[in-house]
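I have placed the structure first, in the form of structure tokens, so that the comments after it can refer back to it.
Nothing in this text is a laboratory measurement; each read-out follows from the coordinates by a stated rule. Being a predicted model, the structure only gives us computed values, none of them experimental. Using ideal geometry, Cβ is built from the backbone for each residue, glycine included, and neighbour counts are taken over all protein chains shown.
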Amino acid sequence: MNWACNFAVSVSFLSLVGALGAAGTFALYAAVASVGFVSLFLTMPETAGLPLESIQALFVKPEVPGRTIGCRRQTTYSLYALSHFLT
């Protein structure tokens, strides 16, 4: 992922500087980075102070009983594990 982002910046930088100017280009990159930070902040659970077993449980896909898709059980990510450890 890091290499892909570096490549995207390398390819787009000169054309963006020509179109937006240096300040506009860096503002655009800052906006993209800010959106990424906010989305990561909102979607990743806090793990500070939790034991390893609790952290592992946060990222396990719990099975939803009774729901199947073809031959496989449907699994979904949920905050079930997080709510289990907070209560």
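Just a few scattered comments:
- Phi-derived couplings, Karplus 6.51 cos²θ - 1.76 cosθ + 1.60 at θ = phi - 60°, listed residue by residue for region 27-35: 5, 5, 4, 5, 5, 5, 5, 5, 4 Hz, with x used for Gly and Pro.
- What the Cβ-Cβ distance of residue 57 and residue 8 gives, at R0 = 35 Å and to the nearest 0.05, is a FRET efficiency of 0.50.
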